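S.K.: Submitted below is the structure of interest, expressed as structure tokens.
The values are calculated or read from the model by the stated rules, or taken from the named source; none is laboratory data. All values derive from a computational prediction rather than experimental measurement. Using ideal geometry, Cβ is built from the backbone for each residue, glycine included, and neighbour counts are taken over all protein chains shown. Calculation scope for accessible area: heavy atoms of the full protein, side chains included, ligands and nucleic acids excluded. Shrake-Rupley method; radii C 1.70, N 1.55, O 1.52, S 1.80 Å.
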Amino acid sequence: MSGIYIHIPFCKQACHYCDFHFSTVMGKKEAMVTALCRELELRKEEFKEEVVETIYFGGGTPSVLSAEQIDRLLAMVYEHYTVGQDPEITLEANPDDLSKEKLKALDDSSINRLSIGIQSFFEEDLVLMNRAHNAAEAEDCIRGAMNYFENISIDLIYGIPGMSNKRWRQNIEKALSFKVPHISSYALTVEPKTALASFIKKGVVAPVEDEVAQEHFNILLNEMEKAGFESYEISNFGKPGFFSKNNTAYWQQKKYIGIGPSAHSYDGLRRGWNINNNPKYIKAISSDMLPIEIETLSRKDRYNEYIMTGLRTIWGVSLEKVHLEFGEKYLEYLENQAVKYLKEQLLYYDGDRLLTSKKGRFLADGIAADLFLVNL
Ligand code: SF4
């Protein structure tokens, strides 16, 4: 399985916590679409042996594009790549873009999955995060989207300063009441150089607390389990048959091409990342240059990545795979490092697989870091 990721680097306004690559200068949208189409064409040889099973419009805010611009990009994919019979084609969308007309136009396109950035159903959270939509739009857009799409995911953020356990539970209950088949939920993180970091530093906003995030995460795990969702990755919950194929492919080290400024690519051995500057990206592509930097991953890098992604998912880390792909020394190292977490019941074995327990799930990244190989 292989995927194509297309980064749409525009947002109407900057959310206070966000450090993704985007610009609020919308005037360059058309020039960007032309450049993205050209990059798709320039890179077709990289995937000449591959069948594309997932196409993902991420951002930024892909829903700021018109349905016609999205169709044009999809037409380029179909023209230059071999696309499978039933590909998953996801569009990330923000509530304020999903008017009835827009939803209908998207439904007429080949998009078959929407990932909607709700984040919270409460006005005070949305204002604190500087989201472009309000609480009423958050609810209306899901109702509207359900008329056209079956495969819908919504994003929620927890650990927001001032968010009580009660309000977090209400957010989850509200999300579940729409009967969407997939929910992604992330802890609010304070990235350096964001508005949120500076507000916290000045004391305008209360700090984000780890203990609160952990409590919210435990509530989330329990509520999602009760509602019949599988926690197939630390931040992703799906009903059977609705796991994101795109995300699953990343975690299973499948190949993907990332198109657009700041997009990342992976071919099984090498990672690439495009320049994260819109004007420079457009300029390079218009001269048929690929503004990409490429790094060949060492065996150690690939092992570390496998541990990191494996421990976050229900598929865990396969000892046999570690043995076959990385060798005896890596396996021994892993088994030794895992002992203390096994004793604390943060990790457990299921046959050949090493997995995080429910208790260890929130700590998966820290545990993985301790199982990383620094030198061998
Ligand atoms: S809409 Fe998404 S990408 Fe854009 S600023 Fe907000 S969080 Fe970042």
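S.K.: When the Kirkwood hydrodynamic radius is evaluated over all pairs of different C-alpha atoms of region 148-290, what value in angstrom, to one decimal, is obtained?
M.R.: By the Kirkwood definition, the hydrodynamic radius is 18.0 Å.
S.K.: Compute the signed sum of charges (Lys and Arg +1, Asp and Glu -1) over the other residues within less than 14 Å, Cβ to Cβ, of THR296.
M.R.: For residues surrounding THR296, the net value is 0.
S.K.: Starting from the residue with the highest accessible area, list VAL51, VAL374 in decreasing order, probe 1.4 Å.
M.R.: The ordering from most to least exposed comes out as VAL374, VAL51.
S.K.: Tell me, what is the FRET efficiency for GLU173 and ASP108 to the nearest 0.05, using R0 = 41 angstrom and their Cβ-Cβ distance as r?
M.R.: 0.80
S.K.: Right, something else. May I ask you to give the average projected area over all directions of the convex hull of the Cα atoms of region 223-376, in nm² rounded to one decimal?
M.R.: Its average projected convex-hull area is 11.2 nm².
S.K.: Treating each Cα of region 69-124 as an identical point scatterer and ignoring solvent, apply the Debye formula and state log10 I(q)/I(0) at q = 0.17, 0.27 Å⁻¹.
M.R.: Log10 I(q)/I(0), no solvent term: -0.64, -1.19.
S.K.: Given a cut-off of 19 Å, name the pairs among LYS300/LYS343; LYS29/LYS255; LYS29/LYS280 whose C-alpha atoms lie farther apart than that in the structure shown.
M.R.: Correct reply: LYS300/LYS343; LYS29/LYS255.
S.K.: Across region 168-176, in residue order, what do the Karplus-derived ³J(HN,Hα) couplings come to in whole Hz, using 6.51 cos²θ - 1.76 cosθ + 1.60 with θ = phi - 60° and x for Gly and Pro?
M.R.: Coupling constants for region 168-176: 5, 4, 5, 4, 5, 4, 4, 4, 5 Hz.
S.K.: Count the DSSP beta bridges whose two residues both fall in the chain, then state the antiparallel fraction as a percent rounded to the nearest 5.
M.R.: Rounded to the nearest five, the antiparallel share is 40 percent.
S.K.: In addition: Using the alpha carbons of region 314-376, what is the convex hull volume per residue in cubic angstrom, as a whole number?
M.R.: 80
S.K.: Step through the table entries LYS104/LYS174; LYS254/LYS283; LYS48/LYS254; LYS12/LYS166, compare each Cα-Cα distance with 21 Å, and write down the pairs that go over it.
M.R.: LYS104/LYS174; LYS254/LYS283; LYS12/LYS166, as the Cα separations exceed 21 Å there.
S.K.: Shifting gears a bit: Across bins of 20 angstrom width beginning at 0, how are the C-alpha pair distances of the chain distributed, in whole percent?
M.R.: 27, 60, 14
S.K.: Let me ask something else about it. With the cut-off at 19 Å, report for region 1-73 the share of all Cα pairs above it, as a whole percent.
M.R.: 39
S.K.: Taking region 39-83, which GluC sites (Glu not before Pro) meet the DSSP loop condition and have no more than 16 other C-beta atoms within 10 Å?
M.R.: GLU49
S.K.: Given the -39500 (n - 2.57) contribution per DSSP H run of 4+ residues, what per-residue ellipticity at 222 nm results for the chain, rounded to the nearest 500 deg cm²/dmol?
M.R.: Mean residue ellipticity, 222 nm, calculated: -12000 deg cm²/dmol.
S.K.: Turning to a different aspect of this structure: Under the Kirkwood approximation for Rh and a Cα-based Rg, what ratio Rg/Rh is obtained for region 43-154?
M.R.: 1.03
S.K.: Which whole-Hz couplings ³J(HN,Hα) result when phi for each residue of region 300-315 is put into the Karplus expression 6.51 cos²θ - 1.76 cosθ + 1.60, θ = phi - 60°, listed in order with x for Gly and Pro?
M.R.: 4, 4, 5, 4, 4, 5, 5, 5, 4, 6, x, 6, 7, 10, 6, 7
S.K.: Here is a further query. Run the numbers on the chain and let me know its relative contact order in percent, using alpha-carbon pairs under 8 Å that are six or more apart.
M.R.: Across the chain, relative contact order equals 16 percent.
S.K.: Compute the convex hull volume of the Cα atoms of region 279-355, divide it by the residue count, and report the result per residue in Å³ as a whole number.
M.R.: That works out to 136 Å³ per residue.
S.K.: Counting only other residues whose beta carbon sits under 13 Å from that of THR309, what net charge do I get with K and R as +1, D and E as -1?
M.R.: 0
S.K.: R0 = 41 Å: FRET efficiency of MET146 with TRP315, Cβ-based, nearest 0.05?
M.R.: Once the sixth-power term is evaluated, E becomes 0.85.
S.K.: How big is the gap, in Å, between the Cα center of region 226-249 and the Cα center of region 26-52?
M.R.: Measuring centre to centre over Cα atoms gives 29 Å.
S.K.: List the residues whose amide H sits under 5 Å from the amide H of ILE259, counting only those 5 or more places along or on another chain, with H placed 1.01 Å from N in the peptide plane.
M.R.: TYR5, ILE6, HIS7
S.K.: Report the residue, chosen from ASN278, ASN336, ASN171, that carries the largest GNM mean-square fluctuation when the chain is represented by alpha-carbon nodes joined by springs under 10 Å.
M.R.: Checking each option, the largest mean-square fluctuation is seen for ASN336.
S.K.: Also: Multiply the residue separation of THR34 and THR189 by 0.36 nm, subtract the distance between their alpha-carbon atoms, and state the gained length in nm to one decimal.
M.R.: Gain on extension, THR34 to THR189, equals 52.4 nm.
S.K.: Round to a whole angstrom and tell me the spacing of the C-alpha centers of region 317-376 and region 82-139.
M.R.: Cα centroid of region 317-376 versus Cα centroid of region 82-139: 37 Å apart.
S.K.: Next up: Can you work out ³J(HN,Hα) from phi for every residue in region 30-36, in order, using Karplus 6.51 cos²θ - 1.76 cosθ + 1.60 and θ = phi - 60°, giving whole Hz and x for Gly and Pro?
M.R.: Values, residue by residue: 5, 4, 5, 4, 4, 5, 4 Hz.
S.K.: Now for a separate question. Could you pull out the trypsin sites (Lys or Arg not before Pro) across region 9-84 that fall in loop regions by DSSP (anything but H, G, I, E, B) with no more than 11 other Cβ atoms inside 10 Å?
M.R.: Sites meeting the loop and neighbour criteria: LYS48.
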